[in-house]
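Report on one structure; see the data block that follows.
The values are calculated or read from the model by the stated rules, or taken from the named source; none is laboratory data. Predicted model, so just to flag it, every value in this text is computed and none were measured. Remember, those area values only see protein heavy atoms, side chains included, never the ligands or the DNA or RNA. Shrake-Rupley method; radii C 1.70, N 1.55, O 1.52, S 1.80 Å.
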Amino acid sequence: MAIAQDQGKATVIREGCTRYTGKIRVTDPGLHQPVYQVFDVRETTIAKDGQILLIPEITVDVYWTDLDEDVVDIIDLYHDHATCEQFHSELKTDLDLERLPSGKFATNDLVLCLGLFTYTLLRIISQESLRVNDSPLRKKVQRRRIRTVIQTLITLAAKMVTHARRQYLYIGSRAWLTPFKRLYQAFA
């Protein structure tokens, strides 16, 4: 707490809650180069419900990094690591790439490259589908899982119908017809 108050930048979050953020350079004999110790310390003297605390509640988060970036950016990067884990999980489970199919490195390399290409295409479709709120979902979302894109847009029940010497694509689900048309026209 003393280091945070001495070397950190104080920000009052609300009455009775102060946040100190900053970084210090640390040199350790076991490390080849110096690193930064980024800290995020919160001192709470008044609880959210207005109760005055006898002993201040202190919360300390410390991150070791070699990034020479702004303190708030580094803290946000560390807080956002769960999103990266979700993308990794999607790649493994939704595209079924948990176990690679072969004992040969070249074959597994090809499968992984095709999987990453497919994943990237599905992520582009997912982002494009979020531009307009025309999908029949229960709540507004910031991003769609790859599994949702595959289930709702890729494996959409459809059949080719010929009528009056013209061919039409008949979509079985009327709820997803508008988003499907919009995505088809965006990528056609």
_Euclidean distance between Cα centres, region 88-119 to region 18-32, Å_ = 38 Å
*asked:* Tell me the carbon and sulfur percent of the accessible area for region 1-86, rounded to whole percent, probe radius 1.4 Å.
replied: 52 percent
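How high is the relative contact order of the chain? Use alpha-carbon pairs under 8 Å, at least six apart in sequence, and give a whole percent.
Working: 210 pairs, mean separation 20.5, N = 188.
Relative contact order, the chain: 11 percent.
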*asked:* Give the lysines whose C-alpha is closer than 27 Å to that of LYS139, dropping any in the same chain fewer than 8 places away, or say none.
replied: LYS92, LYS181
*Whenever you get a sec, compute what percent of the accessible area on region 105-188 sits on carbon and sulfur atoms (1.4 Å probe).*
58 percent
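Would you mind working out the accessible area per residue for the chain, using a 1.4 Å probe, and quoting it in Å²?
Working: 13880 Å² over 188 residues.
That works out to 74 Å² for each residue.
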*Return the single residue from GLN167, GLN86, GLN37 with maximal mean-square fluctuation; model: Gaussian network over the chain, springs between Cα atoms under 10 Å.*
GLN167
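Output the direction-averaged projected area (hull surface divided by four) of the convex hull of the alpha-carbon atoms of region 1-67, in nm².
It is 5.2 nm².
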*Determine the order of PHE87, PHE105 by accessible area, beginning with the largest, at a probe radius of 1.4 Å.*
PHE105, PHE87
_Cα gyration tensor of the chain - equivalent ellipsoid semi-axes, whole Å, descending_ = 49, 26, 13
